[in-house]
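The values are calculated or read from the model by the stated rules, or taken from the named source; none is laboratory data. This one's a predicted model, so the numbers in the text were calculated from it and none came from an experiment. Positions of Cβ are generated from backbone atoms using ideal geometry, with glycine treated the same way; all protein chains shown enter the neighbour counts. Please note that ligands, DNA and RNA were not included when accessible areas were found on the heavy atoms of the full protein model with its side chains. Shrake-Rupley method; radii C 1.70, N 1.55, O 1.52, S 1.80 Å.
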Amino acid sequence: MKTEDIASLYRRLLRAYGPQGWWPADDPWEVCVGAILTQRVAWRNAEAALSGLRRADLLSPAALDAAPAEAIAEAIRPALFYNAKATKLKALARALLETWGGDPTAMRGEPAHTVRAALLAVHGIGSETADAILLYVAKRPTFVADRYALRLFERLGWVPPGASYEPVRAAVMAAWPADADAYGELHALIVCHGKERCGPRPTCSGCPLSSLCAHPQRRGGRR
Ligand code: SF4
């Protein structure tokens, strides 16, 4: 992966879709909670579940830590997989209280690799969720190599079919020395592009990346 390729991707997507202004929540703790609630569902489901937690007065780390998992599950039903996510939220709340004194912004004072390792040690937090929190809460540059990014990079011919999260993340970060704001924007733009046109059946006509991408010729993407 080359620096100029990623820079060009970023510029083209930014020109096409404009600044995305992510994450779609402002409060750092709500970003952490939202990163779990949105696992395997659309953001609108996570947003409804966040509202449910707010209504039930369960949104703070202390409240989530103290509440029975059943009560949390009831409040977050719109997020689906609510029993599993309730357990994950309790684990995250406990980790936040024990490791960062209940203040997510305390992550910003620690080395990125320390924060990432601590997040990955929490039940229910995998690479994608850890990187979302590292990026939008701890404000550290990291690449979220989610399914949108993996599909796009495979179509661009930058990674082989079946490439996995960690090697792709490492390759992007080795090639693109950008700050957290730029990485945050890149992630949001790739998600936007994946939803707008580069989905399972891509709409390649007029794509801002068409001159970089051989996928239409290879697989017969719709034009
Ligand atoms: S040309 Fe098609 S496959 Fe390539 S990035 Fe654009 S939408 Fe995706």
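The table that follows gives values for the structure above.
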item	result
Criterion: in contact (Cβ under 8 Å) with a residue 12 or more places away in the chain and surrounded by 22 or more Cβ atoms within 10 Å (Cβ to Cβ) - qualifying residue of A178, A132	A132
Residues (in contact (Cβ under 8 Å) with a residue 24 or more places away in the chain and either aromatic (F, W, Y) or in a helix (DSSP H, G or I) (or both)) located in the range 100-109	P104, T105, M107, R108
Total residues in the range 93-114, condition more than 17 Å from A132 (Cα to Cα), surrounded by fewer than 17 Cβ atoms within 10 Å (Cβ to Cβ) and hydrophobic (A, V, I, L, M, F, W, C)	1
Flag for P68 being in contact (Cβ under 8 Å) with a residue 40 or more places away in the chain, more than 22 Å from C192 (Cα to Cα) and not assigned by TED's automatic domain parsing to the domain that holds C192	no
Pairs where the first residue, in the range 12-29, is under 12 Å from C192 (Cα atoms) and the second is charged (D, E, K, R), C-beta under 9 Å, 6+ apart	L13/E185; L14/E185; A16/E196; Y17/E196; P19/E185; Q20/E185; G21/E185; W22/E185
Helices (runs of 4 or more DSSP H) completely within the range 110-223 that count 3 or more residues being within 16 Å of the ligand (Cβ to nearest atom)	147-156, 180-196, 215-219
Single residue of A118, A170 found to be of a type in the set (G, A, S) and either within 19 Å of D5 (Cα to Cα) or surrounded by 21 or more Cβ atoms within 10 Å (Cβ to Cβ) (or both)	A170
Yes/no for R77 being more than 30 Å from D181 (Cα to Cα) and either assigned by TED's automatic domain parsing to the domain that holds V41 or open to solvent by less than 40 Å² (accessible area, probe 1.4 Å) (or both)	yes
